[in-house]
1. Relative to the longest principal axis of the chain, what angle (0 to 90°, nearest 10) does the C-alpha long axis of helix 157-166 take?
2. Just reorder 86, 138 by solvent-accessible area, largest first, 1.4 Å probe, all chains present.
3. Could you tell me which of 169, 233, 187 has its Cα farthest along the dipole of region 164-246 towards the positive end, charges placed at Cβ (Lys, Arg +1; Asp, Glu -1), taken about the Cα centre?
4. To the nearest 0.05, how large is the calculated FRET efficiency for residue 156 and residue 235 if R₀ is 60 Å and r is the Cβ-Cβ distance?
5. Mark the label point 7 Å from the Cα of residue 201 along Cα→Cβ and return the residues of region 65-85 whose backbone N is within less than 18 Å of it.
6. Tell me what the chain gives for mean residue ellipticity at 222 nm when only DSSP H runs of n ≥ 4 count, each as -39,500 (n - 2.57), the sum divided by the residue total, rounded to 500 deg cm²/dmol.
7. Where a ≥ b ≥ c are the square roots of the eigenvalues of the C-alpha gyration tensor, would you call the chain rounded, which needs a/c under 1.5, or, failing that, prolate if a/b is larger than b/c, or oblate?
8. When a/c is below 1.5 the answer is rounded, else prolate if a/b is larger than b/c, else oblate, so apply that to region 161-221 with a ≥ b ≥ c taken from the square roots of the Cα gyration tensor eigenvalues.
Amino acid sequence: MQPKNNDPEVTRKAMAPVRAPDLGLDAQECVMPEPGDPCTIVILGATGDLTSRKLMPALFDLYLNQGLPDHFLIVGCGRIDIDRQEFSAKMQTALKNAGANDEDRWRHFAAMLHYCRTDFEDPDTFKNLVQLLRDLDEKFNTGGNRIFYMALPPSVFPSAARMIGQVGLADENQNGNGWSRIVLEKPFGTDLKSARELDSSLARDFSEHQIFRIDHYLAKETVQNVLMLRFANSLFEPIWNRRYVEYVAITAIEELGVENRAGYYEQSGVLRDMFQNHMMQLLAMTAMEPPSRFEADQVRDEKIKVFRALRPFRVDRLEENLVLGQYSAGKVDGKPVPAYREESGVAANSLTPTFAMMKVYLDNWRWQGVPFYLTSGKRLDQKLTEIAIQFKRVPHSMFRHTLEASIAANRLILGIYPEETINLKFQTKNPGAVVCLRTVTMDFHYQQNYSGPELDAYARALIDCMLGDQMLFWRQDAVELCWKFLEPILNRCETCDDQTELLQFYEAGGKGPEAAAKIQKT
Ligand code: BG6
């Protein structure tokens, strides 16, 4: 017999209901990384649209949230001849337009802004930049560490990089320089050959560890969270494979049309604009094996294996795996919108696809036979980005004879936009005397219990660039593998005689070409 224990504390503990202890880390505890080294961000193309709409608001946001190093400067470079005050005024307007109106903090922030006129045709202007950077380093202790952000049209990436190299700003840890990093955004070429050419021109002056190829999808919190969900839980990984998964549907669709980007979009179309980059990254995050460490190269090595496992399409039977579409006139949010071919800057007989659905397979042990449906398109009925894992049905339905109900299979949806959620659908018994099943949803909202800053993808990418962490950036071998996969498809689509047959027209504001639904059933 157990000795009687009269200690009230022991009795209290013994009587307490058995509950799982709270395991969580308070969401507020790990919000912002320690700011990195002092540095200067040099924005080439500082008077352009990308700087006003994305970079400056992201930098201001980081400033407001103590996400910038103590010693930090922004040097805007552009071809127009304006002085520091004029540049500052432009940036203030840009921030106001972006909804950032903190006058007091703006004054401090503005003190970090400088401007230098640069022209790729005129090397002397880059020598002036070198001088300005050295003077600023000395005055503000920025340590010679620099990020060169290419907010420029891709066609001038090579000359801009060359110019930086020629004036000695790409060299690290010499002549007054600390580290030196170059940041560029897609498109990384328009095919394999041009991607390699771009890389060779960057490689003349920069090594791979200095090159940061941005994919803003990777910097989305919920996209990064795919790895946490998969590899920080023991629940999902055992069923994350061909045995349990029926198919995976990765969707990134939008209501917007081509807007004012026809010049770029006519040459790129949805395959180059969304598939060569964002869709491939979403696929890799969903399908990759667990890396042994959460470090840039280990993670990127695993993604490479996914790209290598992509089963090449049979280009003579493209229609089995690919649906291409282009929007015709229709209504979005009740308002009439023109057809793609009627948009300004678009050729009246354009065959550029604005929609694609691809059925891809990965030839590896984990995913053999599981289709991945990748869908992206413009002018559809909603803006939605999500990854849906459709699980298989139960192997045997013991309820079949009693309930006469077919049992819906489980589905896990990782919502990226508009809802940042994880939601799991499963079966339960419907409450009540009649025994029947119902499908219910378990919902997690990403911002739940969190009131810290919400950083946009650019702010996040800039932090990592300042810290020198390349995990969220493309490595050249991955860029090339994705082009290798896409190039035969692009060649066939763009050069075959039956181009019009490959392209289905769909009404703007609708669900996309009907053929997309068919592909999913085959
Ligand atoms: C860009 C594409 O990379 O991504 C655009 O060039 C597209 O065409 C955009 O609209 C979509 O991004 P997000 O973050 O709005 O889903």
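1. Taking the Cα atoms of the chain, the angle to 157-166 is about 50 degrees.
2. Heavy-atom accessible area, descending, gives 138, 86.
3. 233
4. 0.80
5. So the set is 79.
6. About -9500 deg cm²/dmol.
7. oblate
8. Cα axes put region 161-221 in the oblate bin.
The values are calculated or read from the model by the stated rules, or taken from the named source; none is laboratory data. Computed from a prediction, not measured in an experiment: that's the story for all the values here. Please note: Cβ atoms are built from the backbone with ideal geometry, for glycine as well, and neighbour counts cover all protein chains shown. Note: areas computed on protein heavy atoms with side chains; ligands, DNA, RNA excluded. Shrake-Rupley method; radii C 1.70, N 1.55, O 1.52, S 1.80 Å.
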